[in-house]
Amino acid sequence: MGKLYVVATPIGNLSDITFRAIETLKSVDLIICEDTRVTKILLDHYEIHKPFFVINAKNETKKIPEIINKIEQGLNCALVSDAGTPCISDPGVRLVNSAIANAIEVVGIPGANAAVMALSIAGLPTDSIVFEGFLPQKKGRQKKLQELSNEERTIVLYESTYRIKKLLEEINQYMPFRHIVVARELTKKFEETWRGTASEMLSGIEKRTIKGEFVVIIAAKDFKCRDAIHGDSTE
């Protein structure tokens, strides 16, 4: 029987990949990915040539049994996402669960993760955090924000280009005095970090570049921003 390797890939900068991840991708028989076009950029950069198997939210119910069958026949497979660590706000959880249910060994190959990187440069307490990923787009969104307004831990969210302004407006409504850190395009050419309250960020939103992927970190309810500097900071 083969193994399933869960391999973290870069979140932007192609150099942010471990030696072990490269060795694993070179050694497996099959690479399971979300989008071949995205994964191919990474593999071409490191001269890795392996067959692909595409799995996503639309086809995973049908495709997972095929992958499990291949592994049971002796193929070693690597699961990657478009960026970062698979199964963390990315596809893959059902495949991993199915592998475990079929007594297949699942091996994690650690690496880049946007939430962890953002936390490392936020300057906020990290001894106790709550990771919410992407908030519900419609149903349950306001209820979740109300719950988070009473959260005593540091909150970590993901948000897209299309909803970052809306999220800042909602934070300003539910948590107007909280210190927040917004990290945009981490490890990429135009990476930057904003710090302050939601209202401070919104006051100059027209002048900001709001393209890319965002990590939003909200300070705990009782956090006192004694040492944090309000306003913009570009990393």
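The values are calculated or read from the model by the stated rules, or taken from the named source; none is laboratory data. Bear in mind the structure is a predicted one, so any value in this text is a computation, not a measurement. Cβ sites come from the backbone with ideal geometry, for glycine too, and all protein chains shown count toward neighbours.
A compact table of results
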{"item": "Test set (1) more than 18 Å from P91 (Cβ to Cβ); (2) without any contact (Cβ under 8 Å) to a residue 60 or more places away in the chain; (3) hydroxyl-bearing (S, T, Y) - T36 fails condition number", "result": "(1)"}
{"item": "So F214, is it of a type outside the set (K, R) and modelled with pLDDT under 95", "result": "no"}
{"item": "Test result for G111, over 30 Å from E169 (Cα atoms), at pLDDT 95 or above and within 12 Å of the chain's Cα centre (by Cα)", "result": "yes"}
{"item": "Residue check for G74: buried (at least 16 other Cβ atoms within 10 Å of the Cβ) and in contact (Cβ under 8 Å) with a residue 60 or more places away in the chain", "result": "no"}
{"item": "Subset of segment 201-219 [assigned to a helix (DSSP H, G or I) and within 16 Å of A122 (Cβ to Cβ)]", "result": "M201"}
{"item": "Of residues in segment 201-220 being surrounded by fewer than 16 Cβ atoms within 10 Å (Cβ to Cβ) and of a type outside the set (A, V, I, L, M, F, W, C), the one nearest to L157 (Cα to Cα)", "result": "K211"}
{"item": "Flag for S89 being in contact (Cβ under 8 Å) with a residue 60 or more places away in the chain and within 27 Å of W194 (Cα to Cα)", "result": "yes"}
{"item": "Options V106, V130: the member that is within 30 Å of G2 (Cα to Cα), among the β-branched types (V, I, T) and surrounded by fewer than 16 Cβ atoms within 10 Å (Cβ to Cβ)", "result": "V106"}
{"item": "Top-ranked residue in segment 1-21 [being under 20 Å from the mean Cα position of the chain (by Cα), surrounded by fewer than 21 Cβ atoms within 10 Å (Cβ to Cβ) and in contact (Cβ under 8 Å) with a residue 24 or more places away in the chain; ranked as nearest to T85 (Cα to Cα)]", "result": "P10"}
{"item": "Selected residue [small (G, A, S), surrounded by 15 or more Cβ atoms within 10 Å (Cβ to Cβ) and without any contact (Cβ under 8 Å) to a residue 40 or more places away in the chain] from S120, S98", "result": "S98"}
{"item": "Scope segment 171-182; condition outside any loop (DSSP other than H, G, I, E, B) and more than 20 Å from I129 (Cβ to Cβ); matching residues", "result": "N172, Q173"}
{"item": "3 or more residues outside the structural domain of R153 (by TED's automatic domain parsing) and of a type in the set (D, E, K, R): qualifying helices (runs of 4 or more DSSP H) within segment 35-141", "result": "36-45, 60-72"}
{"item": "Qualifying residue in segment 183-200 (condition: surrounded by 20 or more Cβ atoms within 10 Å (Cβ to Cβ), in a helix (DSSP H, G or I), touching a residue at least 12 places away in the same chain (Cβ under 8 Å) and in the same structural domain as L124 (by TED's automatic domain parsing))", "result": "yes"}
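Per-residue answers, yes or no, for (1) within 21 Å of K207 (Cα to Cα); (2) exposed (fewer than 14 other Cβ atoms within 10 Å of the Cβ); (3) among the aliphatic types (A, V, I, L, M):
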site	(1), (2), (3)
N113	no, no, no
K139	no, yes, no
I155	no, no, yes
L167	yes, no, yes
Y174	no, no, no
V181	yes, no, yes
